[in-house]
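To keep things clear, I will list the structure first and then write my remarks on it.
The values are calculated or read from the model by the stated rules, or taken from the named source; none is laboratory data. Treat the numbers as computed from the prediction; the structure is a model and nothing was measured. Cβ placement follows ideal geometry from the backbone for every residue including glycine, while neighbour counts extend to all protein chains displayed.
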């Protein structure tokens, strides 16, 4: 079962506008599969902030569509619509700080806004919707390409350890870290997966385990603190994780706990792969030291899912991400192919890979 996690749904098949953004409400999983339907930029901001939509590529798509929704019901001149759309982009940029895909998608929408100011108001609105849909469709294609390249790293009978959720739920469809597993399965390879639960919000338990089971993949759920034991006692052929931001030297920010897995993989001689679209690369940062790390509310640790599990008033530290040094990454897989260290990433390098 490969979900379409996020999409633009026109009210009429004949016209793109008016329309609404449809997203899987990931907070409701695995108990129920519910789709959010919204026409409001404020609701999309809230959905990103509260993790109803999550995963770096999916966040970027949601934000791009949010910019389009901000003006679709307004009757105004194109210059005024452009001003409102730019304000919406700035507002959506405040929702979460770490995933660079969010800012990449918003910058792309800003470029379209600036370049389309000579259009009529109806055409301007349509141009923004078309760009947001194109971002979604390009991400879907990139994820399938990541799956194709990543599947070359897997052979029949392999077992993969993964962390958090980097599947179709986190992207337009198909996923990043899970994409090679889906492609390998389509190639008739039998791939087993150990999925970390991913504390404190259990994305591995709630989302990855659910998603893989829906697809008929052999998945075993483990607690985060079982990973070292599993690496020692079981045959783990690869660790595959996604990414929220990758610096120019290959340092990678991903869900908290990823750094620890890289350390464990190094100690056990297990290949550690990062899988992400090229939109996740942040060439403005020389190293991962400059990546902003989001901190979440203490209640996510002390009152997880509404039940108190820690003493009231206890101090907490709740970073949502950590940074894995490039030297501990075996390879980065993007839609252009496989990148091996020393990475020294640049747009030119990425563009040259498939030539």
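Side notes on the structure shown:
- Check on residue 168, assigned by TED's automatic domain parsing to the domain that holds residue 274 and under 30 Å from residue 303 (Cα atoms): yes
- Scanning the range 300-312 for residues that are within 11 Å of residue 201 (Cα to Cα) and either outside any loop (DSSP other than H, G, I, E, B) or in contact with a helix residue (DSSP H, G or I) (Cβ under 8 Å, 6 or more places away or on another chain) (or both) yields 300, 301, 304, 305.
- Residue among 167, 204, 157 that alone is closer than 29 Å to residue 64 by Cα and touching a strand residue (DSSP E or B) at 6+ places or on another chain (Cβ under 9 Å): 204
- Hey, residue 52 within 30 Å of residue 178 (Cβ to Cβ), in contact with a strand residue (DSSP E or B) (Cβ under 9 Å, 6 or more places away or on another chain) and part of a loop (DSSP other than H, G, I, E, B) or not: yes
- Some residue of the range 20-43 being in contact with a strand residue (DSSP E or B) (Cβ under 9 Å, 6 or more places away or on another chain), in a helix (DSSP H, G or I) and within 17 Å of residue 103 (Cα to Cα): no
- Taking first residues from the range 288-306 that are in contact (Cβ under 8 Å) with a residue 60 or more places away in the chain and assigned by TED's automatic domain parsing to the domain that holds residue 201 and partners that are surrounded by 15 or more Cβ atoms within 10 Å (Cβ to Cβ) and assigned to a helix (DSSP H, G or I), the Cβ contacts under 9 Å between residues at least 6 apart in sequence or on separate chains come to 291/100.
- The C-beta contact set for the range 32-51 (first residue assigned by TED's automatic domain parsing to the domain that holds residue 93, second residue exposed (fewer than 14 other Cβ atoms within 10 Å of the Cβ) and outside any helix (DSSP H, G or I), distance under 9 angstrom, 6+ apart or interchain) comprises 37/9; 39/73; 45/94; 49/94.
- Test: residue in the range 62-69 that is under 26 Å from residue 214 (Cβ atoms), in contact with a strand residue (DSSP E or B) (Cβ under 8 Å, 6 or more places away or on another chain) and at pLDDT 95 or above: yes
- Tally, over the range 29-47, of residues that are surrounded by fewer than 24 Cβ atoms within 10 Å (Cβ to Cβ) and over 13 Å from residue 5 (Cβ atoms): 11
- With respect to the conditions (1) assigned to a loop (DSSP other than H, G, I, E, B); (2) within 21 Å of residue 198 (Cβ to Cβ), residue 323 lacks only one, and its number is (1).
- In the range 304-329, the residue that is modelled with the lowest pLDDT out of those that are loosely packed, with under 15 Cβ neighbours inside 10 Å and under 21 Å from residue 164 (Cβ atoms) is 305.
- Complete set of residues in the range 206-256 that are under 16 Å from the mean Cα position of the chain (by Cα) and either assigned to a loop (DSSP other than H, G, I, E, B) or over 15 Å from residue 321 (Cα atoms) (or both): 206, 207, 208, 211, 240, 242, 243, 244, 256
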